[in-house]
Structure formats: C-alpha cells, structure tokens
Amino acid sequence: MGLSVQNLWLIPLLPLVAAAIGALTPRTGRTLAAGAAILAMSFSFLLSCGALVTALANPATHATSNFAWFDLGMGALRLGWLLDPLTAFMCVMVTFVGTLIFIFSTGYMHEDANAKQFFCFLSLFASAMLGVIVANSLLLLFVSWELVGLASYLLIGFWFHKPEAAGAAKKAFITTRIGDLGLLLGMLWLYDSTGSLLFYDGGHGVLEAGALSALTAHTALGGFALSTIIGLLIFCGAVGKSGQFPLHVWLPDAMEGPTPVSALIHAATMVAAGVFLIARVYPLMSADQALAHVPFHALTVVAFIGAITALMGALIAVAQNDIKRILAFSTVSQLGYMMLAIGVGSWVAAIFHLLTHAFFKALLFLGAGSVIHAAHHEQDIRSLGGLRSHMKVTFATFAIGMMALAGVPFLFSGFWSKEGILHAAHEWDVSRVPLLFGLAAVVLTAFYMTRLVAETFFGKARSHASEHAHESPASMTLPLVVLAVCAIALGFLGTPAFPWLQAKLLGETEVLGHSLLAGSGLMMLSVVLVALGLGTGWAIYGRVTREKSTSPDPLAARFPGVIAFLGARMKFDELYAATVFKLNAATATFADVLDRFVWDGAVRFLARLGEFAGVVNREADEDGLNAGFDAGSESLRGTGKAYSRAQTGDAHGYLRIIAIGFVVLVLIMMLGGNR
Amino acid sequence: MTALQLCLVFSSALFCVGLVGALARSNTILVLLGIELMLNAANINFIAFWRFSPSPAPATGVMFVIFSIAVAAAEAAVGLALVIAVYRHQKNIRLQEANRLKG
C-alpha cells in the first residue's frame with residue numbers, strides 16, 4: 001500500500017504526462033485533455049496517499065533517494081526525492097484539491113474554445129507544484145519553482161486578448177522574478193559554502209547538523225552569521241511567491257485569470273509554496289537562533305514581514321468591491337499569518353494553517369466562481385445581492401468557507417489553525433507586535449467576510465444578472481460540497497486537545513495533547529474578537545442591506561479618506577510607479593544617451609577624422625596618381641554593383657544560400673573521402 | 001547502431017527540423033526558434049563526441065556546451081529585441097518584409 005521514496009517521482013510525472021497529452025491533442029480534443037488531466041490527478045492522489053502511509057510509519061525520518069544529475073569538473077550535481085510527513089501531507093493536499101478544481105473547471109470552462117489548452121496548463125502547473133514538494137535538492141526545487149511561475153504566467157494570461165489579463169500576467173512574472181533573484185543568489189552562496197544543495201543526504205545535506213554548524217560559525221558581512229544571510233536571500237524568493245509585503249502587488253492582479261486558476265494557484269497551492277519552502281529550510285532559517293552576538297535573527301524578519309502582511313492584507317480587503325479581489329487580499333493576509341507562525345518558531349502551526357487554508361480558500365474561490373458563472377461574469381458585490389434563494393448549495397458551502405476563514409469557534413478548521421498561530425505568537429518573547437497585528441487581523445477578517453457574504457447573498461438582487469441567476473451544474477457544486485466537508489473536518493486533525501497533525505509533522509510518534517487550559521485565555525480573547533468582527537459586519541452591512549448598486553457604502557460615507565486609501569490598495573502601485581519604474585526608466589534613458597551620444601559620438605568623431613584624412617589624401621592624390629587608379633576603381637565599382645545585387649535584404653534568401661553551401665560542403669567531404 | 005551513432009542521427013534530425021523551420025517560416029520568432037534548434041543539435045554533437053571519446057574525464061564537452069548555451073541565451077535576447085524593433089517599424093514580424101537594409 002505504501003509508496004516508497006524511490007518511486008516518489010511518479011507523483012509529479014503523471015500530471016506531466018497529462019500535460020503532454022493535452023499539448024498534443026488538437027483543439028477539438030477537449031474531452032480527452034480534461035479526462036487525462038483529471039485521471040492523472042486522481043492517480044497522483046492515490047499515490048500520495050500511499051506516500052502518506054509510508055511517511056507516517058516512520059514520521060521522524062527523512063527518507064531520501066538521491067542520484068547524480070551530471071558530473072561536472074571536480075564533483076557531481078546531485079538531485080533527489082525526499083519523503084517525510086511534510087512532503088506527504090502537502091502532496092495529498094495538492095492532488096486532492098487539484099482533482100476537485102479540475103472537475104470544477106470542466107463546468108466552468110465549458111464555453112471556452114481554448115479549454116484543452118487550459119487543462120494542459122493546469123496539468124503542467126500541478127506537475128511542477130508536486131515537483132517543488134518532493135524535491136530533496138534546492139536546485140530541483142528551484143527548477144520546479146520557476147516552472148510553477150511559468151504555468152502561473154500562462155494561466156493568469158489565459159484570456160490574453162484582455163489587456164488587463166496580459167498586463168497582470170507580466171506583472172506577476174516580473175514581480176516574482178525579483179524575489180527569485182534572491183533565491184538564486186542564496187542557492188549559489190549555499191552551494192559555494194557547503195558544496196551541496198541536497199536537503200538531507202545521510203549527514204552531508206545542507207539542512208543537517210554538519211553544514212549548519214559550518215554556516216553559523218562563519219561570519220559574513222555586518223556581523224551576521226552566513227546562515228542568516230543565506231536564509232534571508234532564500235526568504236526573498238518566498239516573499240515574491242507568497243505575495244508578502246512588499247512584493248504582494250501581483251497577487252490581486254492575478255485574479256484576471258479564470259476563477260479555477262485563482263482557486264488552485266493563487267489561493268490553495270502555488271502561493272503557499274513560499275511558506276512550504278521556508279518550512280522546508282526551517283533548520284537553516286533557525287540555525288542562528290542560538291547565536292547571541294548577531295544584530296537580529298533571520299526568523300525575526302520573517303515574523304515581522306508576516307505580521308505586516310497579515311494586517312495590511314486584511315485592511316485592504318475591507319475596502320475592495322470585487323468579490324475575487326476581496327478573496328485575493330484575504331489570501332495575502334492569511335499567507336502573512338503563515339509566515340508569522342514560521343517566524344515565531346512554529347512551522348507546524350504554519351503548515352496546519354496552510355492545509356486548512358488551502359481547503360477553505362479553494363472552497364471560497366470556487367464558490368465565487370460559481371457565483372460569477374451564474375451571474376454572467378458580474379464580479380462587483382455591489383451589483384450582486386439576493387443570491388441566497390437562487391443558489392442554495394453555493395450559498396451554504398460559501399457560508400461554511402466564510403466561517404472557516406473568519407475563524408468561527410470550535411466547529412470550523414480555520415479557528416483551530418489560526419488559534420495555533422496566535423498561541424505560538426503569544427509565546428514568542430522577542431516582540432509583542434506580531435501577536436497584536438495578528439489579533440487585529442482576526443477582527444478585520446471576520447468583518448470583511450461578513451460584508452462579502454451579506455452583500456452577495458442577502459438583501460435583494462441589484463442587477464439583472466443576479467436576479468436571473470440559477471444554480472451551477474453538478475460538476476461545479478459537487479466539488480464545493482466535498483471541500484465544505486473538508487473545511488470543517490480538517491480542523492479536528494490538530495486541535496489542542498489532540499494535536500495529531502502537529503505531532504506527525506514534528507516526527508513524534510506519541511500524540512500528547514497539551515492542555516486546553518494553557519492557551520484558554522488567548523482563545524477566549526480571539527473568540528470575542530471574531531464575534532466582534534462578525535457583529536460589526538452584520539450591523540453595518542447585513543441589517544440594512546444596500547438598495548441599489550449605486551447606493552453609497554455605509555463605511556465609506558463615514559470614513560471617506562481611509563476607505564478611498566484602502567480601496568486604492570494603499571497606493572502601492574502608485575508608489576512603485578513613482579520609484580522603481582522611474583528609476584528603471586532613468587537607467588534606460590541613461591543607457592540610451594550613452595549609446596546615442598557618447599559611443600556614437602566617438603564613432604562619428606573617428607569617422608570625421610577618417611573623412612578629413614581622406615580629403616587631405618585626395619588633395620594630394622588628385623593630380624599625381626589619379627589616372628591609373630580611375631580605371632581600377634571603375635572595375636571595382638562594377639564588381640560591387642554585381643555583388644550588391646545579391647544583397648536582396650531577404651533573410652530567407654541568405655539562409656537558403658547558407659544551407660545550400662552547407663549541403664555542398666557536406667557533399668564534398670563525403671565524396672572527397674578522408675584525407 | 002552504436003550509441004554514438006544514435007546520438008548523431010538524433011542530432012542530425014534535430015538540425016534538419018531546425019533548418020526547415022528557419023527556411024520555411026515567415027514568422028521571425030519561429031525562424032529564431034529554428035536557429036535555436038540547430039544550435040542545440042550542435043550542442044548534442046559536442047556532448048556525444050565528448051561522452052564517447054576515449055578519455056571523457058576532463059569536462060571539455062560540457063564546458064563547450066555551457067558556453068554555447070550562454071551565447072545562445074544572449075543571442076535569443078538580442079534576437080527578440082530585434083524582433084520588437086522590427087515590429088515597431090513595420091507593425092508585423094514577417095521576415096520577408098524586413099528588407100529595407102538591402103544594398
């Protein structure tokens with residue numbers, strides 16, 4: 001039943017085969033492409049379950065299977081697969097959510113002419129994402145990481161005829177590339193100082209004691225340990241991919257892609273890859289914790305970035321009007337929570353939240369997709385309303401997702417995982433700021449989700465589309481129901497009374513429930529905060545619902561300046577346009593001036609010099625040497641003319657001549673024999 | 001057929017695909033793609049001759065190919081920049097129309 005680590009590569013391979021099938025079928029073969037994609041994902045899911053069985057049998061071991069990719073100079077570049085509970089849980093989550101989203105897509109993309117390409121890209125994405133998870137080498141992880149970025153680019157720009165979608169795809173690709181540059185530098189530095197990129201390698205891997213002690217013993221610039229600098233460079237990659245402040249700007253724009261893409265890539269899996277990466281290299285990130293003389297530790301930076309992101313995302317989400325943008329900023333905020341958890345030293349809490357978030361956020365996005373599909377691509381919550389009676393299944397499942405995200409106590413998974421993070425932040429003794437930011441974000445999350453549900457599903461229909469909305473087909477509602485069940489059930493894998501998931505991730509075979517009472521004060525506080533957020537949200541948006549789609553927002557009427565600032569996403573895009581873009585444009589102008597005037601000027605000057613010398617020469621020659629050369633020049637001119645006729649300017653013509661010449665050369669060599 | 005011969009047949013096939021692509025396509029980007037294919041065919045030859053040479057120990061073949069890949073990357077960047085420049089002038093990227101520099 002179990003899947004051994006030697007066969008782990010089968011999990012990413014199956015979706016890759018499906019992607020190849022999708023790429024090679026003609027445009028009409030959408031059923032084949034979709035079927036192959038769903039089948040491959042389902043089989044990958046079964047294999048992942050097998051891997052989970054294997055991993056849970058020995059949760060404390062990191063089973064690896066390494067091989068040499070190629071020999072180079074003194075050593076070999078080695079890659080490998082890694083199987084531990086972290087890998088196994090992530091694989092199961094990605095394949096399970098992925099399968100459901102693929103099924104949902106068959107309904108959602110029903111009318112799209114390019115559907116087969118869509119499934120091809122989705123499979124490619126799934127394959128690359130699974131590659132990130134099973135990699136036992138930072139290099140293999142990086143390769144898959146970039147492939148994930150490529151798939152994300154292709155899928156955001158899937159409707160590339162829309163200029164916004166094409167722009168959003170470019171923005172996502174370039175913004176994440178900035179972070180990836182840091183990751184690449186960190187990787188090279190790590191290879192330079194340890195000579196290996198394998199995570200675990202029987203004592204020689206970079207995450208094992210030998211390499212870590214060498215990295216911490218080394219002091220690099222500014223009094224930092226080498227491990228701190230490399231850790232922070234790797235964290236740059238995670239900041240880009242996981243939409244953390246200050247590189248979060250691409251994630252909300254990525255919502256231009258089809259909704260299943262938003263659900264799979266920009267909520268459940270890809271954006272979580274950054275969190276996964278930091279959890280994977282946690283031994284490296286935390287290696288400097290024991291050092292007292294460094295200015296600050298790598299994890300402190302992670303905690304603060306996470307806390308800022310969590311609060312900022314929640315604040316901006318309050319003032320958005322597009323159903324998908326609200327969810328996008330909520331994703332930014334939740335990813336901030338996960339980073340915060342890693343930063344305060346509890347990567348298991350982060351992974352628990354990652355897993356529960358993947359399910360309920362995929363549920364919310366698919367629910368939003370169902371709404372958008374039913375309301376003929378109306379995404380503005382001000383123009384929706386009253387959908388509760390038209391779309392019963394969507395409403396019920398969306399409400400479950402909303403309560404899981406808001407952290408409604410005791411029944412919903414989001415409550416337990418968020419509680420774990422707040423608990424970890426509470427125990428952190430460096431600073432109180434992350435805990436306070438996290439608690440503030442709890443209120444805001446409950447508030448904006450209540451607003452979203454109240455505006456979308458309650459009140460009366462405020463547009464023609466939402467008046468005539470009807471429930472989506474079974475291929476779309478079935479995944480919603482399954483995800484809703486998971487959004488509730490998954491929480492019980494890691495409650496404080498029975499933290500099974502956390503124990504397995506940490507590699508402890510005994511499950512010990514730490515006392516419920518230990519964090520009960522904090523728990524009561526966050527229950528109160530959730531109630532506060534839900535209550536305020538309902539009081540402002542639910543009790544009195546909007547009359548027309550143009551009627552003013554009650555909150556915006558009260559605080560116009562604040563809401564306008566948040567609605568413009570805290571003006572981050574404008575800030576970057578005024579700084580980074582300007583700098584880039586200035587550099588380009590400088591290079592242009594350099595090229596046009598300085599270098600060109602030098603060339604022109606030389607040319608003038610030559611011309612001048614020519615004039616002098618001519619004056620000297622005109623009378624003396626002229627006659628004899630005239631005839632020679634005339635014949636040269638004739639030859640030149642003949643040759644210039646060959647210069648047709650037709651590149652194909654040149655290529656053809658080169659090719660013919662090549663064939664003639666080969667013939668000469670073959671017929672002439674060996675000399 | 002020996003392994004070396006297989007590699008050579010494969011690389012010749014790749015070269016021919018690239019050549020046909022470069023000759024027959026009018027889209028400049030596809031012509032560039034064809035040229036990349038031909039370059040890679042040459043790279044495969046490098047690797048094959050190195051791998052099956054009597055003493056493949058020093059990594060000469062690999063080094064050559066890494067240089068060639070780096071040059072190809074630079075060439076692709078320049079080529080694509082040229083394509084964009086051509087597009088700005090003639091509003092399409094048909095290669096046969098890009099003949100204004102003729103003598």
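The values are calculated or read from the model by the stated rules, or taken from the named source; none is laboratory data. Since the model is a prediction, treat every value here as computed from it, not as a measurement. No Cβ is skipped: glycine too gets one built from the backbone with ideal geometry, and neighbour counts run over all protein chains shown.
Just so you know, in the stretch B:46-63 the residues that are among the hydrophobic types (A, V, I, L, M, F, W, C) and within 13 Å of another protein chain (Cβ to nearest Cβ) include one that is farthest from the chain's Cα centre (by Cα), and it is B:A57. A Cβ distance below 9 Å, combined with a sequence gap of six or more or placement on separate chains, defines the contacts here; from the stretch A:639-666, residues that are over 18 Å from B:L30 (Cα atoms) and more than 9 Å from chain B (Cβ to nearest Cβ) reach residues that are loosely packed, with under 14 Cβ neighbours inside 10 Å and of a type in the set (A, V, I, L, M) in the pairs A:I657/A:A646.
Which one is nearest to A:G385 (Cα to Cα) among residues in the stretch A:482-499 that are surrounded by fewer than 16 Cβ atoms within 10 Å (Cβ to Cβ) and at pLDDT 75 or above? Show your work before the answer.
Restricting attention to the stretch A:482-499, the residues satisfying the condition of being surrounded by fewer than 16 Cβ atoms within 10 Å (Cβ to Cβ) are A:485, A:489, A:492, A:497-498.
Remaining after also requiring at pLDDT 75 or above: A:485, A:489, A:492.
Details: A:V485: 25, A:A489: 29, A:F492: 33 Å.
The residue in question is A:V485.
Can you confirm whether B:A85 is within 14 Å of chain A (Cβ to nearest Cβ), under 22 Å from the mean Cα position of the chain (by Cα) and not in a loop (DSSP other than H, G, I, E, B)?
Numbers: within 14 Å of chain A (Cβ to nearest Cβ): yes; under 22 Å from the mean Cα position of the chain (by Cα): yes; not in a loop (DSSP other than H, G, I, E, B): yes.
The answer is yes for B:A85.
Please go through the stretch B:48-76 and give me each residue that is outside any helix (DSSP H, G or I) and farther than 23 Å from B:Q5 by Cα, ordered by number.
none
Look at the stretch A:539-563 and say how many of its residues are surrounded by fewer than 17 Cβ atoms within 10 Å (Cβ to Cβ) and either in a helix (DSSP H, G or I) or of a type outside the set (G, A, S) (or both). The total comes to 17. On the stretch given as the stretch A:568-605, residues that are among the hydrophobic types (A, V, I, L, M, F, W, C), under 18 Å from A:I178 (Cβ atoms) and in contact (Cβ under 8 Å) with a residue 40 or more places away in the chain total 1.
Kindly indicate whether any position in the stretch B:6-24 is farther than 21 Å from A:A659 by Cβ, more than 10 Å from every other protein chain (Cβ to nearest Cβ) and not acidic (D, E).
Of the residues in the stretch B:6-24, the ones farther than 21 Å from A:A659 by Cβ are B:6-7.
Narrowing further to those that are more than 10 Å from every other protein chain (Cβ to nearest Cβ): B:6-7.
Of the ones still in play, those that are also not acidic (D, E) are B:6-7.
Yes - at least one qualifying residue is present in the stretch B:6-24.
Does A:T99 satisfy the condition of being under 22 Å from A:F359 (Cα atoms) and surrounded by fewer than 24 Cβ atoms within 10 Å (Cβ to Cβ)? Steps first, please.
Details: under 22 Å from A:F359 (Cα atoms): yes; surrounded by fewer than 24 Cβ atoms within 10 Å (Cβ to Cβ): yes.
In short, yes.
Do we have A:S65 as touching a helix residue (DSSP H, G or I) at 6+ places or on another chain (Cβ under 8 Å) and within 30 Å of B:M63 (Cβ to Cβ) here? Spelling it out, A:S65 is indeed touching a helix residue (DSSP H, G or I) at 6+ places or on another chain (Cβ under 8 Å) and within 30 Å of B:M63 (Cβ to Cβ).
Scan A:A151, A:A88 and give me the residue that is over 18 Å from A:G22 (Cβ atoms), assigned to a helix (DSSP H, G or I) and of a type outside the set (S, T, N, Q).
Details: A:A151 fails: over 18 Å from A:G22 (Cβ atoms).
Only one candidate passes the filter, namely A:A88.
Evaluating A:F235 against the criteria (1) out of contact with any strand residue (DSSP E or B) (no Cβ under 7 Å at 6 or more places or on another chain); (2) surrounded by fewer than 19 Cβ atoms within 10 Å (Cβ to Cβ) leaves one unmet condition, (2). At pLDDT 85 or above and either surrounded by fewer than 20 Cβ atoms within 10 Å (Cβ to Cβ) or not polar (S, T, N, Q) (or both), is that true of A:L77? Judged against the criteria, A:L77 is not a match.
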